[in-house]
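Remarks on the structure that follows.
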Amino acid sequence: MAKPHVVVIGSGIGGLTAAVALHRRGWQVTVLERAASLEPVGAAIGLAPNSQRALDVIGLGDRIRALAAWQGDGGMRKPDGRWLARTDSAAATERFGGPIVLVHRATLIDVLAAELPASAVRTGAAAELVDPGTAGGARAVVATPAGNIEADLVVGADGINSAVRSLLFPAHPGPSYAGFTTWRVVVPAPGKPFAPHETWGRGALWGTQPLKDGRIYAYAAAVAPAGARADDEKAELRRRFGGWHDPIPGIIAAVEPDRILRNDVHHLIDPLPAFHRGRTVLVGDCAHAMAPTLGQGGNQAIEDGIVLAHHAAPDGDLAAVLAAYSADRVPRTGGIVRKAAQVTRLMRLTSPPAVALRNTLMSAVSRFGPGLVLRTFDGIADWRPPEHTYAAGTRNTPMSQR
């Protein structure tokens with residue numbers, strides 16, 4: 001009997017995780033990517049214990065952990081360098097089953113893509129969902145330059161401005177501006193060692209984290225009008241953050257101007273009613289784009305792919321499969337979108353009295369120990385995936401079973 005065919009539109013983290021998990025589950029998989037290569041847009045991603053456990057389910061968790069930089073002690077600072085709060089990796093491991101690890105997005109994409117048959121991924125292949133299909137009837141139809149493809153299942157993984165989402169839910173208002181812009185860079189490590197940190201100022205923040213290969217991943221965010229851009233983004237970083245504590249000025253000095261990524265942040269603060277319609281399902285940012293203030297966007301996309309495959313037995317009732325997926329994912333991701341928006345409001349504070357009060361509260365909470373700081377991630381980082389392992393022949397034991 002022929003395997004059922006799933007077409008994944010988009011080859012980001014969520015799309016490839018879903019593709020690998022469904023391939024493991026027994027589906028014939030085709031991934032269609034508009035870009036000419038799988039090189040991702042972005043720099044690095046922090047993988048929390050929840051997404052590491054999800055990757056364990058498909059046998060990739062230990063491989064990613066081996067390639068990632070383990071995050072040790074660090075914390076939150078003020079622009080003058082004073083610490084607002086300290087983080088403790090041992091406490092995080094005890095509370096959530098592991099620390100956050102940092103990996104370059106290209107590394108994660110390469111590991112995921114390598115798990116698929118060579119013929120499964122088609123780059124330079126623009127795809128348009130023509131018909132979402134009917135769960136109990138007509139197959140979905142995806143148009144490509146090479147002709148239409150009929151699919152038993154379509155996974156929309158085409159990002160925050162998803163055309164698939166717009167076709168499924170045309171009345172939904174779509175993403176809205178979260179009120180701030182971001183910069184991301186990867187640079188050589190500075191000469192002096194430093195503790196990983198996130199530094200909060202007035203309507204702005206800066207984060208500096210190590211990668212395993214010795215380079216540094218740095219990111220910044222600031223309140224700004226939507227669409228605003230500088231003629232020289234390096235000069236803009238120097239203007240906004242050049243007076244902040246070390247190693248921030250040195251990192252800005254080391255940045256190559258043409259390697260700075262700047263993006264406004266949008267989120268789906270208005271939740272979708274479901275993540276599916278007909279034979280088509282959504283994963284990742286097109287389903288639940290969120291502000292990066294909790295670092296959970298890519299983590300939730302990974303969860304999506306694993307949970308979808310958990311429900312999607314190749315011979316299952318597709319209507320029940322997709323309804324179960326939506327029932328699992330809509331409430332969870334909606335809650336995290338809202339929580340990330342709450343943290344965003346704290347980051348966006350600009351009035352000196354409000355910033356002073358925020359900093360005082362952060363310091364007070366930190367003095368009671370790391371448990372209170374880590375409580376922000378209760379119900380997020382402690383998530384455990386379905387325990388069935390889809391990786392054929394793997395002997396890895398998922399973190400959820402350790």
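The table below gives the values:
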| read-out | value |
| --- | --- |
| Segment 31-44, residues that are open to solvent by 10 Å² or more (accessible area, probe 1.4 Å) and either touching a strand residue (DSSP E or B) at 6+ places or on another chain (Cβ under 8 Å) or part of a helix (DSSP H, G or I) (or both) | GLU33, LEU38, VAL41, GLY42 |
| Selected residue (only one of THR107, THR123, THR93, THR181 is closer than 19 Å to ALA291 by Cα and of a type in the set (Ser, Thr, Tyr)) | THR181 |
| Tabulated pairs, segment 1-29, first over 20 Å from GLY147 (Cβ atoms), second of a type in the set (Ser, Thr, Tyr), C-beta under 7 angstrom, 6+ apart or interchain | ALA21/TYR390; ARG24/TYR390; ARG25/TYR390 |
| Out of VAL365, VAL307, sole residue that is of a type outside the set (Lys, Arg) and surrounded by fewer than 20 Cβ atoms within 10 Å (Cβ to Cβ) | VAL365 |
| Segment 86-99 residues that are over 23 Å from THR199 (Cα atoms), paired with ones that are open to solvent by less than 70 Å² (accessible area, probe 1.4 Å) and aromatic (Phe, Trp, Tyr) (beta carbon under 8 Å, 6 or more apart) | PHE96/PHE377 |
| For GLY137: the one exception among (1) in contact (Cβ under 8 Å) with a residue 24 or more places away in the chain; (2) under 29 Å from PRO170 (Cβ atoms); (3) not in a strand (DSSP E or B) | (1) |
| Hits in segment 161-183 - residues which are more than 22 Å from ALA221 (Cβ to Cβ), among the aromatic types (Phe, Trp, Tyr) and surrounded by fewer than 16 Cβ atoms within 10 Å (Cβ to Cβ) | none |
| Any hit, segment 128-138, residues being over 18 Å from TRP27 (Cα atoms), hydroxyl-bearing (Ser, Thr, Tyr), in contact with a Gly (Cβ under 9 Å, 6 or more places away or on another chain) and open to solvent by 50 Å² or more (accessible area, probe 1.4 Å) | yes |
| Residue within segment 342-354 that is surrounded by fewer than 16 Cβ atoms within 10 Å (Cβ to Cβ), in a loop (DSSP other than H, G, I, E, B) and touching a Lys or Arg at 6+ places or on another chain (Cβ under 7 Å) present | yes |
| Any hit, segment 67-82, residues being part of a loop (DSSP other than H, G, I, E, B), surrounded by fewer than 21 Cβ atoms within 10 Å (Cβ to Cβ) and within 19 Å of the chain's Cα centre (by Cα) | yes |
| Residue that is least open to solvent (accessible area, probe 1.4 Å) [pool: residues in segment 139-160 that are within 23 Å of GLN300 (Cβ to Cβ) and of a type in the set (Gly, Ala, Ser)] | GLY156 |
| Pick from segment 106-124, criterion more than 21 Å from GLY42 (Cβ to Cβ) and small (Gly, Ala, Ser), ranking: least open to solvent (accessible area, probe 1.4 Å) | ALA120 |
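Here's the yes/no breakdown for (1) among the polar types (S, T, N, Q); (2) more than 20 Å from the chain's Cα centre (by Cα); (3) within 24 Å of SER89 (Cβ to Cβ):
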{"position": "ALA189", "(1), (2), (3)": "no, yes, yes"}
{"position": "ALA204", "(1), (2), (3)": "no, yes, no"}
{"position": "GLY207", "(1), (2), (3)": "no, no, yes"}
{"position": "ALA235", "(1), (2), (3)": "no, yes, no"}
{"position": "ILE252", "(1), (2), (3)": "no, yes, no"}
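For every residue, the table says whether it meets (1) in contact (Cβ under 8 Å) with a residue 60 or more places away in the chain; (2) among the charged types (D, E, K, R).
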site	(1), (2)
SER119	no, no
ALA127	yes, no
ALA163	no, no
ALA171	no, no
VAL185	yes, no
LYS192	no, yes
THR199	yes, no
LEU205	yes, no
LEU211	yes, no
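The values are calculated or read from the model by the stated rules, or taken from the named source; none is laboratory data. Given the structure is predicted, the values throughout are model-derived calculations rather than measurements. Cβ sites come from the backbone with ideal geometry, for glycine too, and all protein chains shown count toward neighbours. Side chains are part of the model used for accessible areas, which takes the heavy atoms of the whole protein and leaves out ligands, DNA and RNA. Shrake-Rupley method; radii C 1.70, N 1.55, O 1.52, S 1.80 Å.
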